[in-house]
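The values are calculated or read from the model by the stated rules, or taken from the named source; none is laboratory data. This one's a predicted model, so the numbers in the text were calculated from it and none came from an experiment. Heads up, the Cβs are rebuilt from the backbone with ideal geometry, glycines too, and the neighbour counts pull from every protein chain shown. We work out accessible area using only protein heavy atoms, side chains counted, and drop any ligands, DNA or RNA first. Shrake-Rupley method; radii C 1.70, N 1.55, O 1.52, S 1.80 Å.
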Amino acid sequence: GSTLGGGAALSRKFHYALEESIKKHFPGNHCINCMCHSTENLYRMTNTSVARASDDFYPRDPASSHPHIAACAYNGLFLSVLVQPDWDMFHSKHPAARLHAMARAVSGAAVYVSDKPGEHDVELLRRLVLPDGSVLRARGAGRPTRDCLFADVLRDGTSLLKVWNTNALCGVVGVFNLQGSSWDRTRRKFYVHDKNPPKLKIKVRPVDVDTFGAAVRAAESSSSSPAPRFAVYTYGSGALHVVGGREGVEVELATATSEVVTISPVLQAEGVSFSPLGLSDMFNSGGAVRSCSTTPVSPAAASSHPQLPGSSGNGKAKPATARNQFSFAVGVYGSGRFLAYSSVDPVRVAVGGLSLRHTYDAASGAVVVEVPTTEGLSCEVLFTYNL
């Protein structure tokens, strides 16, 4: 490139031609930039907006999966300022499939697999993909939590990787034990340097989600603001806890295993604490929660709700009351088992005027209801309480 002003100048011409070609021939901007982490490329992605965050997914190299996920998370910290980081494809039938699937669930990137036709783990894919083929995609780019930024999550034998992201209301944290394999600079290949790394523990806290951390710090600096509380749902154990912003739930993982934790702010209205956590069978359950607000319910509206037999938490239909009521109205995308935290048992859970059977666990505050499949997979679920 010396006759054209050097390599940077030559790269500018090449990348300008690529960008113009994409704009002309792929009007939906259907391009993933790969092998592109040099700044003369990154700073010139004017029309394309997606870039691979790591080396490829190598299905035949068992040592490659751990460094692949770590690279995506740490590179995403820088790349996300410029582009949408892409975490690459994976195989749903693979020894590391669950590890990769949970990573994609918190990545905020597109989810796609390169399975052979007919060679799919359907049950795993159902944790990522809704019946219409859409994905509960997190809204930002998955990035390491602050306490992991300078940890060696591949080699130090003590650190787990935590990756945080946000949804419309809920936050999500993926936890990964990636100890044991890494890129070996001497051998010039991925290498298993520890065949038996130990189980490791770490706490997941609401402040790990950076947007929640800002709210917690703001409340701590104000004498008039109450300390926020959060409902925390752990996918693997199914446990539900309510904690303060700096409190946490402990996660213990063996090497090559992972966990996803959904975190949702606890809302207060009329003496009731409530927090929607989403479709609990999905890895990114909180991606199903699109909104949450309170709305009054008049006595006439309360009495007009048809009910399914046994629609209340104790298995008996509760009659409509004449007293005033209010609801937490939750906008939901998707269908299936929906989980929320509530400090008391709602008198009714309904979709489209139809009361649904729900269960309530007083010990944990868990409300579980089966959200039916609706047109467009969007609906409003009303959790109703007496005033």
> Straight-line reach from residue 13: which aspartates and glutamates have a Cα under 14 Å away, not including same-chain ones fewer than 8 places off?
Replying inline: 40
>> Can you tell me which lysines have their Cα less than 22 Å from the Cα of residue 116? Leave out same-chain residues fewer than eight positions away.
In response: 93
>> If the reach is capped at under 18 angstrom between alpha carbons, list the aspartates and glutamates near residue 24, excluding any in the same chain fewer than eight residues apart.
In response: none
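On the accessible surface of region 212-254, probed at 1.4 Å, how many percent belong to carbon and sulfur atoms? All intermediate terms of the calculation are to be shown ahead of the outcome.
Numbers: 1070 of 2140 Å².
The nonpolar share, carbon plus sulfur, comes to 50 percent.
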>> So if each residue of separation counts as 0.36 nm, and I subtract the Cα-Cα distance between residue 37 and residue 193, what length gain in nm does that give?
In response: 53.5 nm
> Which longest run of the chain has no exposed loop site in it, a site being trypsin sites (Lys or Arg not before Pro) in a DSSP loop with at most 12 other beta carbons within 10 Å, and the site itself not part of the run?
Replying inline: 200-315
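With the Cα gyration tensor of region 63-177 giving a ≥ b ≥ c as the square roots of its eigenvalues, does the rule (a/c under 1.5 for rounded; else a/b larger than b/c for prolate; else oblate) give rounded, prolate or oblate?
Details: a/c = 1.89, a/b = 1.31, b/c = 1.44.
Oblate, since a/c reaches 1.5 and b/c is not below a/b.
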> Per residue of the chain, what 222 nm ellipticity follows from adding -39500 (n - 2.57) for every DSSP H run with n ≥ 4, rounded to the nearest 500?
Replying inline: -5000 deg cm²/dmol
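Give, as a single signed number, the net charge of other residues whose beta carbon lies under 11 Å from the beta carbon of residue 146, with Lys and Arg counted +1 and Asp and Glu -1.
On the way: positive: 143, 162, 205; negative: 147, 208, 210.
Counting the neighbours of residue 146, the net charge comes to 0.
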>> Could you tell me how far the Cα centroid of region 343-387 sits from the Cα centroid of region 125-179, in Å?
In response: 28
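Going by the alpha-carbon gyration tensor, a ≥ b ≥ c the square roots of its eigenvalues, is region 170-225 rounded (a/c under 1.5) or, if a/c is not under 1.5, prolate (a/b greater than b/c) versus oblate?
On the way: a/c = 4.29, a/b = 3.04, b/c = 1.41.
Because a/c hits 1.5 or more and a/b exceeds b/c, region 170-225 counts as prolate.
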> In a solvent-free Debye calculation with one equal scatterer on each Cα, what is log10 I(q)/I(0) for region 251-294 at q = 0.15 Å⁻¹, listed in the order of the q values?
Replying inline: -0.50
> How many percent of the accessible area of region 1-129 is carbon or sulfur, using a 1.4 Å probe?
Replying inline: 58
> Considering the chain as a Gaussian network with a 10 Å cut-off on Cα pairs, which listed residue, 248, 376, 174, attains the greatest mean-square fluctuation?
Replying inline: 376
> When the dipole is taken about the Cα centre of the chain, and only Lys, Arg (+1) and Asp, Glu (-1) are charged at their Cβ, what size is it in debye, to the nearest 20?
Replying inline: 280
> What accessible surface, in Å², does a 1.4 Å probe find on residue 183, ignoring ligands, DNA and RNA and rounding to the nearest 10?
Replying inline: 90
> For the chain, what class follows from the C-alpha gyration tensor (a ≥ b ≥ c being the square roots of its eigenvalues): rounded when a/c is under 1.5, otherwise prolate if a/b is larger than b/c, else oblate?
Replying inline: prolate
>> I'd like the accessible area for residue 99: 1.4 Å probe, protein heavy atoms, all chains in place, Å² to the nearest 10.
In response: 10
> Over region 150-204, what relative contact order in percent results from Cα pairs under 8 Å that are six or more residues apart?
Replying inline: 31
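If you roll a 1.4 Å probe over the heavy atoms of the protein chains, what accessible area per residue do you get for region 98-249, in Å²?
Values: 7270 Å² over 152 residues.
About 48 Å² of surface per residue is accessible.
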